[in-house]
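**Q** Take a look at this one; I'll ask things after.
The values are calculated or read from the model by the stated rules, or taken from the named source; none is laboratory data. Keep in mind that this is a model prediction, so the values were computed, not measured. Reconstructed Cβ throughout: ideal geometry from the backbone, glycine too, with neighbour counts over all protein chains shown.
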Amino acid sequence: MVVATPTPLLRRGKKKTAAFGVPTIDLSDDKSIASEMIVKACEDYGFFKVVNHGVPKKVIARMEREAVDFFSRPVSEKGRAGPAAPFGYGSKSIGFNGDKGDLEYILLEANPLSLSQRAKNFSNDPSTFSLVTNDYVSAVRKLSCDILELVAEGLWIEDNSIFSKLISNSHNDSCFRVNHYPPFIAPNSNHNRDDDEDELNNNHWDLSPNPSKSRVGFGEHTDPQILTILRSNDVSGLQIYTHDGFWIPVPPDPNEFFVFVGDSFQALTNGRFTSVRHRVESINSWTSRMSMMYFAAPALDAWISAPPQINNIITTNIYRPFKWGDFKQIVYSLRLADSRLDYFKNH
Ligand code: GA4
């Protein structure tokens, strides 16, 4: 029996905190219930957490260690792996159109050949780096496929590989990103270390709007791909935007994965699912946040178009069919926060 175990989320308000639940899906539970719950979470939030996901702790820990080692290198050394165009090492600049964030990152193509070619830029032991990254990417790709199969089942689509085959295709264009947000202590804040730790542990944040107390780590956006699988360390900062118009902080959980519906999944479901807007806003923290994301994408020449079996209340096709490669081109011509799917709407 699957029980939704909501993790408390806090709604922003004037010093008020209200508990919400991140929909949590236990993948070790009954398939039919898990699939129904995933579909509901994709419809209601475009976002959920998975537990009992099957990714070995060791695979996660080794990937984290490689990333920590890289980010601890001197700036001049890291710089040699950049600039991210879009792949490589990036610092503060996101994309090509002037978006900025207070972070540094690694962005890689999630395929073995590209990973092994780039590994020498990220480690003095490139073969270990590419082995560890490949293991991580393979594990989260498998998790993405499992989730996409459950979605197809939850939507009562006979071919349960209808979505997963898009990303298991050998030419898939998936990518892998590790973001590192340095520690942030707001200038002139009266915070001392104990207060901060208290605040983070209790999840009782001072949520009154005060820009001097926070900083943009990664500005608001939706992910263009089908699904995103995120894992972070224990430092908060992620917020999601709900359908009823609230930014809600998501408590970090280093042992589990968070799943985001991307723009392409919105198109594949004819708007039955909507991609979730999210951002990273760093609050006072003495430790840095590190998150790793696997962005599950189809091949560049794959068509994105909703199969007729999608039962949506909207029966006309909201979007015209497009190739992932063409969509990606539009994505990179726009700003981070832009709604790119609008360019593919049927009029
Ligand atoms: C957001 C999701 C992924 O991180 C990413 C980002 C990409 C990049 O950093 O190169 C983009 C951004 C992301 C969407 C709009 C464009 C492209 C930066 C940017 C301004 C790797 C992706 O696929 O799209």
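**Q** Here are some residues: Glu158, Glu109, Glu153. Which one is among the acidic types (Asp, Glu), in contact with a Cys (Cβ under 7 Å, 6 or more places away or on another chain) and under 26 Å from Trp324 (Cα atoms)?
**A** Answer to the check: Glu109.
**Q** Mind listing whichever residues of the range 328-347 are assigned to a helix (DSSP H, G or I), more than 10 Å from the ligand (Cβ to nearest atom) and either in contact (Cβ under 8 Å) with a residue 60 or more places away in the chain or polar (S, T, N, Q) (or both)?
**A** Within the range 328-347, Gln329, Leu341, Phe344 qualify.
**Q** Every residue in the range 280-305 that is assigned to a strand (DSSP E or B), over 30 Å from Ser161 (Cβ atoms) and either touching a Phe, Trp or Tyr at 6+ places or on another chain (Cβ under 7 Å) or acidic (Asp, Glu) (or both), please.
**A** Hits for the range 280-305 are Val280, Glu281, Ser282, Ser285, Arg289.
**Q** In the range 49-103, what count of residues is obtained for those that are of a type in the set (Ser, Thr, Tyr) and out of contact with any helix residue (DSSP H, G or I) (no Cβ under 8 Å at 6 or more places or on another chain)?
**A** Residues that pass the stated criteria total 3.
**Q** Out of curiosity, is Thr242 closer than 29 Å to Asp301 by Cβ and β-branched (Val, Ile, Thr)?
**A** So Thr242 fails the test.
**Q** Quick check: is even one residue across the range 307-322 assigned to a strand (DSSP E or B), within 17 Å of Leu268 (Cα to Cα), basic (Lys, Arg) and more than 16 Å from the ligand (Cβ to nearest atom)?
**A** no
**Q** Given the structure, is Ser123 among the small types (Gly, Ala, Ser), more than 22 Å from Gln225 (Cβ to Cβ) and modelled with pLDDT of 95 or more?
**A** Answer is yes for this residue.
**Q** Right, here's the next one. Based on this model, can you work out whether Ile240 counts as at pLDDT 95 or above and under 18 Å from Gly101 (Cα atoms)?
**A** In short, yes.
This table checks each residue for (1) more than 16 Å from the ligand (Cβ to nearest atom); (2) buried (at least 17 other Cβ atoms within 10 Å of the Cβ).
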position	(1), (2)
Pro74	yes, no
Gly88	no, yes
Ile94	no, yes
Ser116	yes, no
Ala119	yes, yes
Pro126	yes, no
Ala139	yes, yes
Ile147	yes, yes
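**Q** Check the range 102-125 and report whether any residue there is within 30 Å of Glu149 (Cβ to Cβ), of a type in the set (Gly, Ala, Ser) and in contact with a Phe, Trp or Tyr (Cβ under 6 Å, 6 or more places away or on another chain).
**A** yes
**Q** Check whether at least one residue in the range 260-279 is more than 13 Å from the ligand (Cβ to nearest atom) and without any contact (Cβ under 8 Å) to a residue 12 or more places away in the chain, and report yes or no.
**A** Among the residues of the range 260-279, not one is more than 13 Å from the ligand (Cβ to nearest atom) and without any contact (Cβ under 8 Å) to a residue 12 or more places away in the chain, which makes the answer no.
**Q** Would you pick out the residues in the range 298-316 that are more than 18 Å from Val39 (Cβ to Cβ) and either modelled with pLDDT under 90 or surrounded by fewer than 16 Cβ atoms within 10 Å (Cβ to Cβ) (or both)?
**A** Residues satisfying the conditions are Leu300, Asp301, Trp303, Ser305, Thr315, Thr316.
**Q** Return the total of residues in the range 96-114 being more than 12 Å from the ligand (Cβ to nearest atom) and not aliphatic (A, V, I, L, M).
**A** Number of matching residues: 5.
Every residue, every condition in (1) at positive phi; (2) modelled with pLDDT under 95; (3) among the aromatic types (Phe, Trp, Tyr), yes or no:
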| site | (1), (2), (3) |
| --- | --- |
| Phe257 | no, no, yes |
| Gly262 | no, no, no |
| Phe265 | no, no, yes |
| Ser275 | no, no, no |
| His278 | no, no, no |
| Ile283 | no, yes, no |
| Thr287 | no, yes, no |
| Ala296 | no, no, no |
